[in-house]
Amino acid sequence: MSNPISIYSFPLSGHAHRVVLFAALANITHELVNVDLAAGEHKQAEFLAINPDGQVPVIKDGDTVISDSNAILVYLARQYAPEFLPQHPAEEAQVQKFLTMAAGEIAYGPAAARLITLFSAPLDAASCLANAHKALTKLETHLNDKQWLVANKLTIADIAIYSYVAHAPEGNVSLHEYPNVRSWLANMQQQPGFLPMPASAVGLVA
Ligand SMILES: N[C@@H](CCC(=O)N[C@@H](CS)C(=O)NCC(=O)O)C(=O)O
């Protein structure tokens with residue numbers, strides 16, 4: 001029997017949660033390896049040998065090592081769960097747009113705002129909040145007539161965007177003005193196999 005996929009993670013990392021969530025929703029057998037970011041384990045030689053970027057998430061699937069959350073989602077979908085990545089070129093392109101949003105507007109918006117409140121990151125709170133609300137407004141409009149982001153079904157687009165939007169209140173980003181986004185989050189949370197990211201103590205804004 002081959003070894004299960006190893007997912008190197010950190011419980012409070014939304015980037016890592018994307019991957020863990022996908023593995024759970026798609027029922028992909030895996031083992032979790034928690035990397036203690038707080039203790040600097042990700043900058044030790046042993047971990048840098050796996051991911052020279054010194055970041056989670058990274059996965060090992062036999063001899064294949066993939067870092068970057070969105071790259072991992074694409075790999076896992078292609079290899080083990082193709083139903084989460086539409087084959088139609090226009091739909092696949094739509095998925096890619098949301099992966100780019102996850103690595104751009106979401107990373108510099110709700111994810112960055114949460115880095116300030118959780119980890120005292122030296123970032124400009126006002127611009128992170130502005131970025132966050134711009135991204136949420138875009139999602140809210142997109143979800144006006146849709147249950148899912150792409151192709152009327154749950155895809156890796158939803159999974160890539162989910163974690164930092166669900167935990168936006170931890171960064172003082174209220175979701176109050178975004179009812180479509182809140183319904184979409186609730187849909188995600190009702191999916192069989194759904195696995196939440198642990199809430200942090202700073203979830204102050206509803
Ligand atoms: N582009 C990367 C970003 C990953 C990332 O920012 N990981 C953070 C945790 S959320 C990390 O490992 N930070 C430690 C560091 O950069 O030193 C991805 O999508 O996986």
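Data for the structure
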item: Selection count, the range 2-46, where residues are in contact (Cβ under 8 Å) with a residue 60 or more places away in the chain, of a type outside the set (Gly, Ala, Ser) and part of a loop (DSSP other than H, G, I, E, B); result: 3
item: Exclusive hit being at pLDDT 95 or above and either near the ligand (Cβ under 9 Å from one of its atoms) or under 20 Å from Tyr164 (Cβ atoms) (or both), set Leu85, Leu76; result: Leu76
item: Positions within the range 146-198 being part of a loop (DSSP other than H, G, I, E, B), within 26 Å of Ala93 (Cα to Cα) and of a type in the set (Ser, Thr, Tyr), in sequence order; result: Thr155, Tyr178
item: Considering residues of the range 47-64 that are in a strand (DSSP E or B) and within 11 Å of Tyr8 (Cα to Cα) only, the residue nearest to the ligand (Cβ to nearest atom); result: Val58
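The values are calculated or read from the model by the stated rules, or taken from the named source; none is laboratory data. All values derive from a computational prediction rather than experimental measurement. Quick reminder, even Gly has a Cβ in these numbers, built from the backbone with ideal geometry, and neighbours come from all protein chains shown.
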